[in-house]
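The values are calculated or read from the model by the stated rules, or taken from the named source; none is laboratory data. The shown structure was predicted, so the numbers you read here are calculated from the model rather than taken from an experiment. So basically every Cβ, Gly included, is an ideal-geometry build from the backbone, and we count neighbours across all protein chains shown. Areas reflect the complete protein model, heavy atoms only, side chains present, ligands, DNA and RNA absent. Shrake-Rupley method; radii C 1.70, N 1.55, O 1.52, S 1.80 Å.
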Amino acid sequence: MKSVQNVAVIGAGTMGNGIAQVFAIHGYDVTLIDVSGQALEKAIQTIQGSLERMAKKELISADAISSVMGKIHTNTDTGAGVGSADIVIEAATEKVELKLELFRTIDRHAPSHAILASNTSSISITLLASATQRPAQVIGMHFMNPVPVMQLVEVIRGYSTSDEVTKG
């Protein structure tokens with residue numbers, strides 16, 4: 001399995017911007033994707049504020065804020081946004097049809113090696129994987145809220161998820 005360097009997060013709401021922040025803090029290049037430019041602007045402001053609070057608590061250095069923010073890019077085009085991702089984490093609204101359509105789009109545009117993950121808490125990973133040509137590479141990664149504070153991720157296999165993806 002290829003090492004992860006580029007992360008795409010779909011959905012700029014509370015969960016999505018928290019996931020993007022955590023990956024960027026850990027040095028990954030992140031593309032935060034949402035159909036709404038306003039949602040992306042708000043997400044960037046939220047992440048900036050969160051990092052500033054972390055710096056005040058001395059959890060990160062003040063100098064780290066600009067470095068972390070420089071790791072996060074935004075895009076309103078899902079296809080283009082996932083084009084260089086090693087892992088795509090979908091954190092969109094909990095609507096089955098929306099998520100199925102997103103997984104079809106991600107599958108068409110993400111590199112063939114990319115892992116496709118969902119932050120869903122209620123929709124079958126096997127069902128989401130069925131919308132792709134790579135069900136062995138689809139997994140659930142359910143982050144707890146607030147993501148930057150809760151150091152816990154529930155990993156959920158689909159029926160066809162490979163052991164390599166689960167352990168990776």
How many residues of segment 69-81 are touching a helix residue (DSSP H, G or I) at 6+ places or on another chain (Cβ under 8 Å) and assigned to a helix (DSSP H, G or I)? The answer is 4
Only one of (1) without any contact (Cβ under 8 Å) to a residue 60 or more places away in the chain; (2) more than 15 Å from Gly79 (Cα to Cα); (3) buried (at least 16 other Cβ atoms within 10 Å of the Cβ) is not met by Asp107, so which one is it? (2)
In the set Val165, Val155, the lone residue that is open to solvent by 60 Å² or more (accessible area, probe 1.4 Å), touching a strand residue (DSSP E or B) at 6+ places or on another chain (Cβ under 7 Å) and not small (Gly, Ala, Ser) is Val155
Strands (runs of 3 or more DSSP E) completely within segment 113-164 that count 3 or more residues being over 17 Å from Val7 (Cα atoms): 153-157
For the structure I just gave you, tell me whether Ile89 is touching a Phe, Trp or Tyr at 6+ places or on another chain (Cβ under 9 Å) and either part of a helix (DSSP H, G or I) or in contact (Cβ under 8 Å) with a residue 40 or more places away in the chain (or both). yes
Filter result for Glu52 (loosely packed, with under 14 Cβ neighbours inside 10 Å, charged (D, E, K, R), within 19 Å of Met150 (Cα to Cα) and modelled with pLDDT under 95): no
Please state which of the following conditions Tyr28 fails to meet, knowing it meets all the rest: (1) within 15 Å of Gly81 (Cβ to Cβ); (2) at pLDDT below 95. (2)
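A quick yes/no check of all residues on (1) surrounded by fewer than 17 Cβ atoms within 10 Å (Cβ to Cβ); (2) touching a Gly at 6+ places or on another chain (Cβ under 7 Å); (3) among the basic types (Lys, Arg):
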site: Ile33; (1), (2), (3): no, yes, no
site: Gly70; (1), (2), (3): yes, no, no
site: Thr76; (1), (2), (3): yes, yes, no
site: Glu94; (1), (2), (3): yes, no, no
site: Glu97; (1), (2), (3): yes, no, no
site: Leu102; (1), (2), (3): no, no, no
When restricted to Ser66, Ser84, the only residue in a loop (DSSP other than H, G, I, E, B), open to solvent by 20 Å² or more (accessible area, probe 1.4 Å), polar (S, T, N, Q) and on the phi < 0 side of the Ramachandran plot is Ser84
Candidate set: segment 122-152, residues that are hydrophobic (A, V, I, L, M, F, W, C) and without any contact (Cβ under 8 Å) to a residue 24 or more places away in the chain; chosen: the one least open to solvent (accessible area, probe 1.4 Å): Met144
Qualifying residue in segment 26-49 (condition: part of a helix (DSSP H, G or I), under 19 Å from Phe143 (Cβ atoms) and in contact (Cβ under 8 Å) with a residue 60 or more places away in the chain): no
